[in-house]
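Enquirer: First the structure, which I've put down as structure tokens, then a few questions once you've had a look.
Throughout, read-outs are computed from the coordinates displayed, never taken from laboratory work. No experiment lies behind these values; they were computed from the predicted model shown. When we count neighbours, we look across all protein chains shown, and the Cβ atoms used for this are built from the backbone with ideal geometry, even at glycine.
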Amino acid sequence: MRDSSGKDEPAGGPASVVAVLRHARGMGLRRGLAALSHVNQPHGFDCPGCAWPDPDRRGAVEFCENGAKAVAHEATAARLDRAFFERHPIEDLLGRSDHWLEAQGRLTEPLLRRAGSDRYQAIGWDEAFAKIGAAIRALASPHEAVFYTSGRTSNEAAFLYQLFARELGTNNLPDCSNLCHESSGHGLTRSIGVGKGTVGLADFALADAIFVIGQNPGTNHPRMLTTLAAARRRGCRLVAINPLRERGLVRFAHPQEVRSWLGGSQEIADLYLQVRLGGDVALLQGIMKELLALEDRAPGSVLDWDFIRRHTQGFDAFRAALAERPWEPLVEQSGIPREAMREVAELYARAERTIVCWAMGLTQHRHAVANVQEIANLLLLRGNIGRPGAGPCPVRGHSNVQGDRTVGITERPAPQFLAALEREFGFAPPREPGLDSVGAIGAMHAGRARVFVGLGGNFAVATPDTSRVEEGLRRCDLTVQISTKLNRSHLVCGREALVLPCLARSERDLQASGPQMVSVEDSMSMVHASEGRLEPASAQLRSEPAIVAGIARAVLGPASRVAWEELAADYDRIRDRIERVVPGFARYNRRVREPGGFVLPSGARERAFDTPSGRASFAVNALPDLAVAKGRLRLTTIRSHDQFNTTVYGLEDRYRGISGDRRVVLMHPHDLAERGLAPGDRVDLTSHFRGETRTLLGFRTVAYDLPRGCAAAYFPEANPLVPVESYAEGSRTPTYKSIEISVAASA
Ligand SMILES: Nc1nc2c(c(=O)[nH]1)N[C@H]1C(S)=C(S)[C@@H](COP(=O)(O)OP(=O)(O)OC[C@H]3O[C@@H](n4cnc5c(=O)[nH]c(N)nc54)[C@H](O)[C@@H]3O)O[C@H]1N2
Ligand SMILES: Nc1nc2c(c(=O)[nH]1)N[C@H]1C(S)=C(S)[C@@H](COP(=O)(O)OP(=O)(O)OC[C@H]3O[C@@H](n4cnc5c(=O)[nH]c(N)nc54)[C@H](O)[C@@H]3O)O[C@H]1N2
Ligand SMILES: [Mo]
């Protein structure tokens, strides 16, 4: 079996520094170190990696191994010129791996693939904008256009983008949030009236207990480990809930501390529960059942009755439902014995202040919204919300995914937001909901959506059901990708296709009024500035705000109510508009220039719950149906240590001890043996959903420490197995973490 005990090797440590230097060399060491010295510094740029916040007191080095990789790959010295596209027809590029495409370097000029042509050719910006203008104006309805956003886009670009879509007349604004934390937004809004977390970084220094559920911070939010290790050192208790024993949750050594070079490291989790895939509702209900039993034994000592009475509703129904629930299915679904649940309940009852963190392990299931509501239930029972050191903390993915939503990227805008937009700009925005990511796939496939524009991201690869998505994109009249790097979405073209190359976050952005900065919102609602410093990868690159403004003008023409050129010339003017439309941005331009920025207000943080009743709400959830047919497994898809979403940096999943191959499936040794398989065997994976099957050939088996009946494979290699109709109830997030599969030896 692979080493996943984590006993010997901590996450982080000297190996992280070695990895950073290797990637810095990849961008030319001088440009590399220059770039890294500006990451997450005042007057520098926000790390384009994850959305974990920056500490108040920053070190000279405020990035992690994987942030360094993200910067290194953005700041690479490699360039894609027009000769490259002459040499490589699209068919040839389609045969290359995602890793190879990414490694070719930065896009340098706008590209067009004309109808019937087999390759991209360079064109001018004006011609590119004119093409988009003509294609969108030719549509029978604005609802035939889809405007996708990935979460790296700045507040300024995102605000212009949604403004354009809504002046055009559609709310078709799907985004990566639909694929990511949408379930957190839904669950939290139902429970506490706001779709965001309520804690700040300072709360982690006060918490007595921290739960980390369905999240692998050692890889995906490495700077969070510094926070967790510090909490642990001062006696805070840590509970990890994860089917895989993730190294970073077991042991950590800070790569920038001398101690770590001498072998010093820090234990992370006190309790590590290897829950079965999808078993979190059962596990959390079991823990709460034990908690209520503790309260019954010593009434008034466990629950926060004052909080429950004054600030919540639905407690009696919740308690009654839990009391009736038998133990057997809770233990069976979660795979966790009752004694372990009691141990967690006791730990939780002793902690004065508790934070619960989570990520994709909870949000990408059919019952994902219920997962999030059970976390809210757990916190509400002891009043762990709206006071220091306590609260829910959905840890966001993309560095500005939260900010994009705040400034209007959503297919379901709130009426108040639309009213403010109408007041400010003088046009009537559309009221009917638009397409989300899953909806966009269906609409393109059915020919109801005919123009696709992607503001960043890699829609063809990040979404489920790859072949369905590709068919949909190919049926479009026009596909447009606004990107820094080549990826597969550029190669899955509509009748015509455009690639518009943009500035990256690390690069200087010069507009008519002078150098510009943008702003982003981190996972804890802090809005702060980001200013690129590097020379742009090509003189032809344009900024995202400038590109969006160019498209908007070309589509909407002189009749538009928005002064697009003025806004793109000076981003302060965009921020002034955001301030007048979105609550919480008062004195935006002034406050965003203060070191560290400012925090957006949230009622839940003050126990003012923006629900219909004005109270936080206990939710009663049925146990999900997790049964699979005999002989089948439940598959989850995970990130390796060497990728950022669909961008694959390398083939080294260091903490899991897997290297050289990404087409692998992790299985329990007994599940392998039961099928007559050995580690390293080639197998075919088939997913089963409503009588349909989807198959991937030739994966390699890896024996791994995870619960029986569960399996794991990498995102995005396994995406073709995920049916597009299989999504979370309520949030419509694809069930990337829960796919019924069968495994058979390859022929
Ligand atoms: N370096 C790097 N950083 C990143 C990213 C990246 O790709 N690379 N991606 C960014 C983005 S967009 C996001 S959203 C985040 C993602 O951050 P994570 O959510 O940490 O990413 P995943 O690899 O999807 O990990 C999910 C974790 O959930 C566990 N899990 C799977 N199924 C279940 C389950 O049923 N129950 C429980 N309890 N656990 C389960 C898996 O074992 C894994 O540890 O990271 C962001 N940061
Ligand atoms: N199976 C499976 N699928 C998943 C997930 C999973 O856990 N399992 N996770 C889902 C999640 S959480 C997410 S967030 C989505 C991610 O979905 P996306 O956000 O669509 O995908 P990314 O891979 O992050 O996008 C990478 C591309 O963005 C472009 N890019 C990078 N930087 C910039 C920039 O500054 N500006 C612009 N314009 N473009 C830029 C580059 O061209 C790069 O190729 O994937 C989802 N898909
Ligand atoms: Mo994400």
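Enquirer: May I ask for the Rg/Rh ratio of the chain, computed from Cα atoms with Rh as the Kirkwood radius, given to two decimals?
Expert: Ratio of gyration radius to Kirkwood radius: 0.95.
Enquirer: Suppose R0 equals 51 Å. What FRET efficiency, 1/(1 + (r/R0)^6) with r the Cβ-Cβ distance, do A320 and A202 give to the nearest 0.05? Walk me through the intermediate numbers first.
Expert: Working: r = 38 Å, r/R0 = 0.74.
The pair A320/A202 has a calculated efficiency of 0.85.
Enquirer: Arrange the following residues from fewest to most other Cβ atoms within 10 Å of their Cβ: M517, M524. Don't jump to the answer; show the numbers that get you there.
Expert: Details: M517 19, M524 23.
Ordered by Cβ neighbours within 10 Å, fewest first: M517, M524.
Enquirer: Something else about it: Would you compute, from DSSP H runs of 4+ residues alone, the mean residue ellipticity of the chain at 222 nm, taking -39500 (n - 2.57) per run and dividing by the full residue count, rounded to the nearest 500?
Expert: After summing the helix terms and dividing by residue count, I get -10000 deg cm²/dmol.
Enquirer: List, in the order given, every pair from K196/K630; K485/K737; K69/K289; K69/K737; K289/K737; K196/K485 whose Cα-Cα distance in the structure shown is over 32 Å.
Expert: K196/K630; K69/K289
Enquirer: Going by average Cβ density within 10 Å per residue, which order do the peptides 382-392, 410-420, 504-514 take, highest to lowest?
Expert: Packing order, densest peptide first, comes out as 382-392, 504-514, 410-420.
Enquirer: Quick one: if you stick a label point 7 Å off each Cα along the C-beta vector at R350 and V18, how many nm between them?
Expert: Distance between the two pseudo-spin positions: 3.9 nm.
Enquirer: Search the structure for amide H atoms under 5 Å from the amide H of Y714, placed 1.01 Å from N in the peptide plane, and list their residues when 5 or more places away or on another chain.
Expert: It is I638, V664, by chain and number.
Enquirer: Is the shape of the range 633-745 best called rounded, prolate or oblate, per the rule: a/c under 1.5 gives rounded, else a/b larger than b/c gives prolate, else oblate, with a ≥ b ≥ c the square roots of the Cα gyration tensor eigenvalues?
Expert: oblate
Enquirer: Can you list the lysines whose alpha carbon is less than 20 Å from that of K131, not counting same-chain residues fewer than 8 positions off?
Expert: none
Enquirer: Would you mind getting me the FRET efficiency between R561 and A512? Use the beta-carbon distance for r and R0 = 22 Å, nearest 0.05.
Expert: 0.55
Enquirer: With the cut-off at 1.5 for a/c, could you classify the range 272-321 from its C-alpha gyration tensor as rounded, prolate or oblate?
Expert: Prolate, since a/c reaches 1.5 and a/b exceeds b/c.
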